[in-house]
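Worksheet: the structure to be examined is printed underneath.
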Amino acid sequence: MSGGIAITLGAVNVESDAPRALAAFWAQLLGGTVEGDHDGFAFVAAREPGGFAMFFQARSDPRPDRQGQHLDLTVPWGTRNAEVARAVSLGATHRWDVLDEVPWVQWSTLSDPEGNLFCIAEHPPAP
């Protein structure tokens, strides 16, 4: 692409104590498939063209005390509670809800089976 920005999100990389198991959780949650599993590495393909993949590798250092970034996943308005319940049924832990901090989004913060934080958010329909 000449003269424009051509950067896209290809994959999110995650260090893991059990890459295959964590990849399986995320594949179920996001609707992707585990496409690669080799020697401490696992790869979850994007569910659809333009989506993002996830790459899991064996942790090389102890888990940091503070997580510097996390995924914000968006669902249609009115489906957040059901998606949080589905994530919990797959092995996530519900941590807290933020329902009135700003008017344009409500979200729930969860952690995956290894304690990595992520949010499930919904945005109200435009008036």
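The values are calculated or read from the model by the stated rules, or taken from the named source; none is laboratory data. In this text the structure is predicted, and so the values were computed from the model without any measurement. All Cβ positions, even for glycine, are placed from backbone atoms using ideal geometry, and neighbour counts span all protein chains on display.
Considering segment 97-107, and only residues there that are within 17 Å of the chain's Cα centre (by Cα) and either more than 19 Å from residue 12 (Cβ to Cβ) or charged (D, E, K, R) (or both), the residue that is surrounded by the most Cβ atoms within 10 Å (Cβ to Cβ) turns out to be 106. The single residue among 68, 50, 3 that is more than 14 Å from the chain's Cα centre (by Cα), within 14 Å of residue 118 (Cβ to Cβ) and either aliphatic (A, V, I, L, M) or not in a strand (DSSP E or B) (or both) turns out to be 68.
On the stretch given as segment 20-45, residues that are outside any strand (DSSP E or B), closer than 18 Å to residue 118 by Cβ and out of contact with any Gly (no Cβ under 6 Å at 6 or more places or on another chain) total 11. Note on segment 6-37: among residues that are among the acidic types (Asp, Glu) and touching a residue at least 40 places away in the same chain (Cβ under 8 Å), the one that is nearest to residue 71 (Cα to Cα) is 15.
Of the listed requirements (1) loosely packed, with under 13 Cβ neighbours inside 10 Å; (2) within 17 Å of the chain's Cα centre (by Cα); (3) modelled with pLDDT of 95 or more, residue 115 misses just one: (3).
Within segment 53-65, is there a residue that is part of a loop (DSSP other than H, G, I, E, B), in contact with a strand residue (DSSP E or B) (Cβ under 7 Å, 6 or more places away or on another chain) and surrounded by fewer than 17 Cβ atoms within 10 Å (Cβ to Cβ)?
yes
Screening residue 124 with (1) loosely packed, with under 15 Cβ neighbours inside 10 Å; (2) in the same structural domain as residue 21 (by TED's automatic domain parsing) gives one miss only, at (2).
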